[in-house]
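Have a look at the structure below before the remarks.
Since every read-out is calculated from the coordinates, none of them should be taken as a lab result. Every value quoted in this text rests on a predicted model; they were computed, and no experiment measured them. Cβ atoms come from the backbone with ideal geometry, glycine included; neighbour counts cover every protein chain shown.
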């Protein structure tokens, strides 16, 4: 197998704080299950793996914004999840 250089792919881990929380909230809202979001996002994973639950909280507000198509990262750029798309939730 020969190593080749490729264009960067969507940086899911690096862009997680930017979009995943809002995308998940949109998904739960569309399913009529916002009451289950906190358990999914904050409790179930820690409980499953026997880890302590995070004591910190974030607050999301319903306000549409556009995800940047690219973000600077060091000498390069990252392509965030859903770059260029509108998301209906943002950090308060």
message: Give me the percent relative contact order of the range 12-91, please, defined on Cα pairs under 8 angstrom at least 6 residues apart.
response: 36
- line: So the FRET efficiency between residue 26 and residue 56, C-beta based with R0 = 22 Å and rounded to 0.05, is 0.50
message: Within a 10 angstrom radius of the beta carbon, how do 89, 65 rank from fewest other beta carbons to most?
response: 65, 89
query: Stretched out fully, how many nm does the piece from residue 63 to residue 85 gain, at 0.36 nm a residue minus the Cα gap?
result: 6.6 nm
task: Calculate the radius of gyration of the Cα atoms of the range 12-91 to one decimal place, then report Dmax, the largest Cα-Cα distance, as a whole number, both in Å.
output: 14.2, 42
